[in-house]
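Working notes, structure below.
The values are calculated or read from the model by the stated rules, or taken from the named source; none is laboratory data. Remember, it's a predicted structure, so these values are computed and weren't measured experimentally. Virtual Cβ from ideal backbone geometry, glycine too; neighbours counted across all protein chains shown.
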Amino acid sequence: MTAVFKDHDADNKVSAKWWASRIAIYGALIAWTIICLFPIYWTLTTSFKMAPDVMRGNMVPWWDYTPNWRGWESLGLSPRLIGEVSTVREEFLKRFWNSTIISVSASLLAVVLGSLAAYGLSRFNYRFGFMRNSDISFFFLSQLILPPVVLALPFLVLYRSLDLLDSRIGLILLYTLTVLPIVVWIMRDQFQGIPVELEEAALVDGLGIWGSFVQIVLPIALPGMVAAFILSLVLCWNEYFFAALLTSTDAKTLPVMVASQTGSQGINWWSMAALSSAAILPLVIVAIFLEKYIIKGMAAGAVK
Amino acid sequence: MSTEGDLLHTVTADDISEGRKRLGKTMVWGTAGLCIALAIWQAAFEAGRVEMGFGNWRPILYAYLLWATALCVAQVMVHGEKGKRTLFVLPAALFVISLVIFPLLFALYISFTDWNLASVNGPQPNGWDNMRQMWNDAFYWNALKNMVYYVLAVSVEYVIAFGLALLLNAQIRARKFFRVVFLLPLMLSPVAVSWMIGKSMLEVRFGPISRVVRELGFEPSFFGNPEIARFMIMAMDAWTFIPFMMIMLLAGLQALPREIIEASKVDGASGWQSFKEVIFPLMLPVSVTAIVIRVIFKLKLADIIINVTSGGPGGATDSVTSFIFREYRDRSNVGYGTLLAIVYLVLIIIFVTLMLKLVSRWMERPA
């Protein structure tokens, strides 16, 4: 729509209109950028503030307040304390490690189980009793609407009799269950996009069904699996409800730790800010570097 | 929803001996018998009928796992190639069934008991008492009413998300940067968000937003007034979940056939006209998917409420999940809480089924 000749009033008008739309678009983009980033910026900077800085509402480091490591010291994670033994840091690292183990293993398990099921459903005809393929798919996807509260109390009792309460395994199983429908959703879409002729060729060449799945299909579907894995990882890392009910000391995860701090000691601004930053940073980094996969995963179900 | 399977049609001549079939069946029934026998024994031990027993039910879990493995192996032993195909779906199906169906049945049982974890008696069936209590529980109905508000808020989120998706789809520079930034809120855990925004930025004395409000000449009070408190919860939840809808809608926009939009431009449609007449109708299926999934996630809303307001003021921000969470956490009322959860599940199933039915009928109608 660019005007080739700039010697006429009408052409100049078009250009003015174009500039107006540019300014509107970038204005809106920048406004929303601020809405998205300001809470993160605020948390990160607050973790370097002292109490008076918070009360005066200082915002910009080095300009209206001097950053210091007070908040991170309360986690034992400042340059001064990093070499020393610190119980707070041990506690924090334990929670961090719990969160990592639980979310990574739950996502892995979900991706393995979900991919197998999705592949089977996209390729073969099943009949379990009255259930056909579409019924089985619906059965998997329908788990998504199951609210966590319904399962929470039975699981509490069940885990207590199985001695799985406050254990990582227990949480891993539950988290796998909650993300499984999403994985099936994404992976079914992936497998449907892979032409069957590939496997037919592999079968002709003498591979079995499982052989062609592992050697031919899996490498092609790998990006989709990564997408499903990362999406599950995000959901599991952030899960609070089950962790709050089913863990007490050993298997407590990071969100539970963050939540319990707000309750116990009033609001200790700098340490809370440091703790929150530490809890969100891993996923922020994941988002920045693996954004492509997250978007791919979420887009999978949307566009048929 | 999907094409029926059988894309990869294989014909195999399996020659399975009778002995192999029998062995497979014996494995399944044997392990099942072992599992049931152990369970009965342990139940008898806990009831005090048998002297010897296990400290907990863990051995029964192992027996169950053994049975599940045997069932999977037996598929191949008994059915050959067909069994190998079943093996794709069976593990996931077994996993979901054992982790959903059994707990649900158990939940159904405890929801008709007066079980309180603090009481020594253990669960005692009490018929319809819980139901009657629920009927008169104003707070539960209030929480359900709040859920209606929360779900309605999805429409506003949808409008914002669509706007952002359009912005990201426009001819802009640094698209990747904006996409990453817009995605970030989704990555943050609701618990961290409830501290970062709910407890710190909205803090009445020092929070930056309170400061702005005071500069504008109002007295900031975000969680005192029921309406404002509910709005604040909605806003925080929207902040984390708008990226989710935005990404889905953006994917839909990018998959639109470019020729049609260009054709509408050639025909002289203004920007608004081509949006209203071309883009929006084409986006309907994607929009519906995004909204349905978002509503399903919304129905689970709890973390932010538990951590910021714990339902206050006076239950104005309670969601059903956060209400039951407190019923359980503070009062250990397992029986009653479970009944509330079951009722909620039934309501959700009815609501989602109706929604899907309506949507599919509406989509079939010629526009």
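Filtered by the rule that a residue be within 11 Å of chain B (Cβ to nearest Cβ) and of a type in the set (S, T, N, Q), the stretch A:202-226 gives a lone residue, A:212.
Taking the criterion of being over 17 Å from residue A:101 (Cα atoms), within 10 Å of another protein chain (Cβ to nearest Cβ) and among the hydrophobic types (A, V, I, L, M, F, W, C), the residues of the stretch A:173-189 that qualify are A:180, A:182, A:183, A:184, A:185.
Count of the stretch A:158-203 residues, restricted to those that are without any contact (Cβ under 8 Å) to a residue 40 or more places away in the chain and over 30 Å from residue A:300 (Cβ atoms), is 6. Being out of contact with any strand residue (DSSP E or B) (no Cβ under 6 Å at 6 or more places or on another chain) and surrounded by fewer than 21 Cβ atoms within 10 Å (Cβ to Cβ) is the requirement here; does residue A:202 meet it? Taking the combined requirement at face value, the residue satisfies it. Consider the stretch B:48-66 and keep the residues that are away from chain A (no Cβ under 14 Å) and not charged (D, E, K, R). The one that is surrounded by the most Cβ atoms within 10 Å (Cβ to Cβ) is B:66.
Residues that are in a helix (DSSP H, G or I), exposed (fewer than 14 other Cβ atoms within 10 Å of the Cβ) and more than 10 Å from chain B (Cβ to nearest Cβ) are absent from the stretch A:42-50. Looking only at the stretch A:294-302, decide whether some residue is part of a helix (DSSP H, G or I), surrounded by fewer than 22 Cβ atoms within 10 Å (Cβ to Cβ), of a type in the set (D, E, K, R) and outside the structural domain of residue A:53 (by TED's automatic domain parsing). Yes, the stretch A:294-302 contains at least one residue that is part of a helix (DSSP H, G or I), surrounded by fewer than 22 Cβ atoms within 10 Å (Cβ to Cβ), of a type in the set (D, E, K, R) and outside the structural domain of residue A:53 (by TED's automatic domain parsing). Within the stretch B:235-271, take every residue that is surrounded by 15 or more Cβ atoms within 10 Å (Cβ to Cβ) and more than 11 Å from chain A (Cβ to nearest Cβ) and give me the one that is nearest to residue B:201 (Cα to Cα). Within the stretch B:235-271, the match that is nearest to residue B:201 (Cα to Cα) is B:237.
Taken together, B:327, B:364 contain a single residue that is without any contact (Cβ under 8 Å) to a residue 40 or more places away in the chain, among the charged types (D, E, K, R) and buried (at least 19 other Cβ atoms within 10 Å of the Cβ), which is B:327. Among (1) modelled with pLDDT under 85; (2) more than 9 Å from chain B (Cβ to nearest Cβ); (3) surrounded by 21 or more Cβ atoms within 10 Å (Cβ to Cβ), where does residue A:269 come up short? The single condition residue A:269 does not satisfy is (2).
For residue A:108, are the conditions met, namely being surrounded by fewer than 24 Cβ atoms within 10 Å (Cβ to Cβ), facing chain B (nearest Cβ under 8 Å) and not in a loop (DSSP other than H, G, I, E, B)? Here the answer is no, as residue A:108 does not meet what is asked.
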